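The next block holds one structure in the form of structure tokens; read it before the comments.
The values are calculated or read from the model by the stated rules, or taken from the named source; none is laboratory data. Predicted model only: the values in this text are computed from it and were never measured. Cβ sites come from the backbone with ideal geometry, for glycine too, and all protein chains shown count toward neighbours. Surface areas here come from the heavy atoms of the whole protein model, side chains and all, with no ligands, DNA or RNA. Shrake-Rupley method; radii C 1.70, N 1.55, O 1.52, S 1.80 Å.
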Amino acid sequence: MTNPPTRVDGRTARSERTRNAIIDAHLQLIGEGDMRPTADRVAKLAGVSLRALWSHFADMEALMAASGQRVLEQRDASYRPIPADLPLTERIEAFCHQRARLLEEIAPAARASALKEPFSSGLQRYRKLHTSRVRDELTATFPTEIGSDEELLNALTAASLWPTWATWRDAMGLPVEGARSALARVVTALINPAGAKPAR
């Protein structure tokens, strides 16, 4: 005898919708350039009261951490594995194009997080999770080239993370394509300096 499907309590569903609306509003404000959105602005955009916001999140750090989780989930949904049996130059090109796309997708949240990360254990944890994702991308895409070379993996990881991308895009003012070309040059030089040419 099968059990009847579990019915979602209406109050629980409403609470979840409210929570998601608050996170959506927080990320929308950040995406529009408000790097430090206040609780009042978030609540107004979400269409909820401040009391409702604080009933779901103890403080703005908790909301920032929830937004960090959402960004990580979106990143995971957007990632596409690169076949490890492609020729090296094609893998480098595909990896760098995907890295550029993913980094641009997380850019607003990454810039906002950078302001609070030194003081937030939650945001520091999400930084480590993003780093772990990049290491997994690299070892899955270049398994033969990296092998057990931890130094190579560390160098490739550093080149592929947000701080390096932010240096190219923000500090140096490179367009996306210029930053992607710089990443390809670095990845190429590290993996196969003698043979592979930078991806175009």
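Restricting the first member to the stretch 49-73 and to residues that are open to solvent by less than 60 Å² (accessible area, probe 1.4 Å), and the second to residues that are of a type in the set (D, E, K, R) and modelled with pLDDT of 90 or more, the beta-carbon pairs closer than 8 Å and six or more apart or on different chains are HIS56/ARG19; ALA66/ARG19; LEU72/ARG133. Scoring PRO81 on the criteria (1) part of a helix (DSSP H, G or I); (2) in the same structural domain as LEU138 (by the TED database); (3) modelled with pLDDT of 90 or more leaves a single failure, condition (1). Filtering the stretch 25-48 to residues that are open to solvent by 20 Å² or more (accessible area, probe 1.4 Å) and over 12 Å from ALA109 (Cα atoms) leaves THR38, ASP40, ARG41, LYS44, LEU45, ALA46, GLY47, VAL48. For PRO81, the conditions (1) open to solvent by 20 Å² or more (accessible area, probe 1.4 Å); (2) farther than 30 Å from GLU137 by Cα; (3) in contact (Cβ under 8 Å) with a residue 40 or more places away in the chain all hold with the exception of (2).
A Cβ distance below 6 Å, combined with a sequence gap of six or more or placement on separate chains, defines the contacts here; from the stretch 139-151, residues that are at negative phi reach residues that are surrounded by 12 or more Cβ atoms within 10 Å (Cβ to Cβ) and hydroxyl-bearing (Ser, Thr, Tyr) in the pairs ILE146/THR139.
When restricted to residues that are surrounded by 15 or more Cβ atoms within 10 Å (Cβ to Cβ), among the aliphatic types (A, V, I, L, M) and closer than 20 Å to GLU137 by Cα, the stretch 86-125 contains 9.
How many residues are closer than 22 Å to GLN98 by Cα and either open to solvent by 70 Å² or more (accessible area, probe 1.4 Å) or among the small types (Gly, Ala, Ser) (or both) when one looks only at the stretch 126-162?
So the answer is 12.
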